[in-house]
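Please treat every number below as a calculation from the coordinates, not as lab data. No experiment lies behind these values; they were computed from the predicted model shown. Don't worry about glycine lacking a Cβ; one is built from the backbone with ideal geometry, like all the others, and counts go over all protein chains shown.
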2 protein chains.
Amino acid sequence: LHQLNENKLQDCLKDLHPADIAEALPRVPLAQRVRVMRAAGPEKAALILYELDRDMIPPLLEALGPKRLAEVLNDMSDDDAADILGELPENQKDQLLNLMEDAEANDVRELLKYGKNTAGGIMTTEYVSLKEDITVARAIDHLRQVGSEVETIYYVYSINENAELTGVISLRELIMAPPDARLEQVVTRRVVSANVWDDQEKVARMVAKYDIIAIPVVNDHNQLLGIVTVDDVLDVLEEEATEDILKLANLDVGGQDLVETGPWQRAFRRLPWLVGLLFGGLIAGNVIKGFSGTLEQVTALAFFITAMAGGPGNAATQSLALVVRGLATGEVNQRRLLKTIFKEAQVGAIVGIVSGAVLALVAVLWQGNTSLGLVVGLALAINITISTMLGSFFPVIIQRLGADPAVASGPFISTLMDVTSMFVYFSLATWLLL
Amino acid sequence: LHQLNENKLQDCLKDLHPADIAEALPRVPLAQRVRVMRAAGPEKAALILYELDRDMIPPLLEALGPKRLAEVLNDMSDDDAADILGELPENQKDQLLNLMEDAEANDVRELLKYGKNTAGGIMTTEYVSLKEDITVARAIDHLRQVGSEVETIYYVYSINENAELTGVISLRELIMAPPDARLEQVVTRRVVSANVWDDQEKVARMVAKYDIIAIPVVNDHNQLLGIVTVDDVLDVLEEEATEDILKLANLDVGGQDLVETGPWQRAFRRLPWLVGLLFGGLIAGNVIKGFSGTLEQVTALAFFITAMAGGPGNAATQSLALVVRGLATGEVNQRRLLKTIFKEAQVGAIVGIVSGAVLALVAVLWQGNTSLGLVVGLALAINITISTMLGSFFPVIIQRLGADPAVASGPFISTLMDVTSMFVYFSLATWLLL
């Protein structure tokens, strides 16, 4: 890279995909990144910038100068520009918006009004809408003209004089329609649309469900405000899946970048959960303390505490993950809800009894004590059955209450089961062994 | 529905989106489902069928008759038909393939050759490819003719006489190009393509990375075999995210339908992991047994076993989920690997020391024993630090060894940490308290 002069560099960049350039940039020093961004020209630089990891942007802004960056943002689609600006500090954001072209800056300001996780926050205002009375041939001509400025020309939306969405036609249908037909004759009237305040996950699932490339976004008066394209939908679904995974692992990241935060910030995001769960473990410990008389008489009971605490926790996690993910993807829906919970109860019983039998057998062989075997086996069977059921219906209740099933279920069930498991175990032991 | 006569029903169905009909069908009895499928006509029935939950298909096949179903499959895009047929028993699959039109059946047979999780398994052969010497105007004419038969007309692929992929042009670029230009003058030469044997997740990530609507699939000789469209990519990414979530919860489902398997099948899919983890807990119990002298002298040690076993497990899970998901989405990449692991080590130390301090404080207040507080605090700090580091670098090693980091890491780390935690805890106790 160092040896290339500017012309060579430009030639080189022309042949490369922006996503590939963005992938390679982190490996070269900042000065070279600036050279590449300059040589690429504003349009390509815009595409590269959007693909870059967000943590690389502030230093690049510094080095490239706000004026140059504003030019690049002008050439970026407005939703992408809003994404990038939304993550910058207020003063840098305002500075850049002021340096951008007015029309573009206003579009971006408009988008920044909506919450990051709403349809409005991920939509672009660069779409094609036309009045219904123009002909198919004129519509196609129009697409030729605006083709390079809009995010997609694969859907044309028809609107009336009040800017209300009245229909949609895909470019595919458009080029197959008779050229002299009027749009009103050929558009589809039943348009799948999203409300501008809809949650981004809902919007993404609609696009996935109807297998469309873009979905129109309207306000409460059915006026067309923008579109959400499938490439953004892919990002949303990935983001939501990541969030669910981390929440199930008791990590509430709140949509922040996972990799690029400092260790202290990371640690303090994890600590509340860890410490909370620690207290769960301590409450269970307090249950054990209540039975210390039993424990002192049968020390062997302590050898099974780790298995007895871990087993039901693992069983609950399995059930929980299945149901939480099912709720997110819609695989566990209204129709299947009761069926799923009922089936999980059966699964819990089967899994509990088999695990209990295994543990009982091991206990008898290891400790040579049949009564002890009976106690640990029975306790584990009961605890796993309860925890599996709990893992399946607790997230459903949480969702009914309007909360996020992924984040609230884990710690609660975990703590509850720690306590329940120890109580059942030591109660049975006191009753059967003493 | 019962009261509608056939004409009314047909009118009704015309206005509804196939995805909505498919969502409503489970709520009506089988006889009505059959009526709907008949009334919809083969083309719409094909779209409905593909959207249906897979478990509803065999009874519908039974009731609708194989002949009728074969007609519906004829009208389905070949990749979707292959999906559905691939999940039916061999004899039903062969019967249907024999009843289908030859051309369509051969396409589907071809697709069934590839593994379900490969590019070949999710591609369609219904795409548009043209020789390079035809003009833009003729290419658009061609699209008008084949528009209703292919999966997407938004990309036209150019091929040479050996059927090798030579270029690509989007419909958008095509309608903006001069009508009398030849394809060879306007196509993009650097085509992003997938190999037919590539894993579906790799293909999906390529489509997401390059923000394209379809990706061409070629064989080892760069001959064009099909395309994968973005709607299938959405399904793949959802499926892969679900798999990762379930694997992290120690549930290896092997891509099977989650909700519709029987309780015994479900139970026996979970049991190996649960029982395996149980033995992990028992090994930890054996460590405790080795220290039973210490335990008999200081019974209070038992009160902290649940917290001591749970804390490091939870910390490892947090770190593990973060890294496993990061590896899957590419957020944790080569460049960031060492940085991530190093940062996790720091996070582990911070989290460990803080948690340890909290536990020590609680122990002192609860038990009134400073030495005991020191023991539990120190043990927890050490164990959480180790487990966080383990959670971050173990999946990386597993991936380097070519295995799936999501499935192998959890149980191993969990068992290892159970044992380590108890060993560290009771060693410190023996050393400092006796």
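When only alpha carbons are used to place a centre, region B:30-76 and region B:148-220 end up 33 Å from one another. Rg over Rh for region A:263-433 works out to 1.03, using Cα positions for both radii and the Kirkwood form for Rh. Cross-link check: pairs A:Lys44/B:Lys339; A:Lys8/A:Lys44; A:Lys247/B:Lys202; A:Lys67/A:Lys113 evaluated at a Cα-Cα cut-off of 27 Å; pairs beyond the cut-off: A:Lys44/B:Lys339. Remark on region B:300-397: ratio of C-alpha radius of gyration to 2.2 N^0.38 Å is 1.22. Cα-based values for the protein assembly as shown, radius of gyration first and Dmax second, are 30.3, 96 Å. For A:Phe412, the distances from its label point to the matching points in the remaining copies are 3.5 nm, ordered from shortest, with each point set 7 Å beyond Cα toward Cβ. Using only Cα coordinates, the Kirkwood hydrodynamic radius of chain A works out to 26.1 Å. What the Cα atoms of region B:128-229 give is an Rg and a Dmax of 13.2, 40 Å.
Here the residues A:Leu274, B:Leu88, ranked from fewest to most Cβ neighbours within 10 Å of their Cβ, fall in the order B:Leu88, A:Leu274. Over the Cα atoms of region B:259-347, the radius of gyration divided by the Kirkwood radius equals 1.13; this is the Rg/Rh ratio. Across the alpha-carbon atoms of region B:6-113, the computed radius of gyration and Dmax are 13.3, 42 angstrom. The calculated 222 nm mean residue ellipticity attributable to helices in chain A amounts to -22000 deg cm²/dmol, summing -39500 (n - 2.57) over DSSP H runs of n ≥ 4 and dividing by all residues. Computed on region A:245-353, with alpha-carbon pairs under 8 angstrom and 6+ residues apart, the relative contact order is 15 percent. Comment: the Cα-to-Cβ extended label point of B:Asp15, at 7 Å, lies 5.8 nm from its counterparts in the other copies, nearest first.
Residues B:Val191, B:Val28, B:Val207, arranged from fewest to most other Cβ atoms within 10 angstrom of their Cβ, appear as B:Val28, B:Val191, B:Val207. Here B:Asp220 yields copy-to-copy label distances, from shortest upward, of 6.3 nm, the label point defined as 7 Å from Cα along Cα to C-beta. Under a model in which nothing but the beta-carbon of Lys, Arg (+1) and Asp, Glu (-1) is charged, region B:130-211 shows a dipole of about 240 debye around its Cα centre. DSSP beta bridges confined to the protein assembly as shown are antiparallel in about 70 percent of cases.
Among chain B residues, the one whose Cβ is nearest the axis of the rotation from B to A, given with its distance rounded to whole Å, is B:Ala241, 2.
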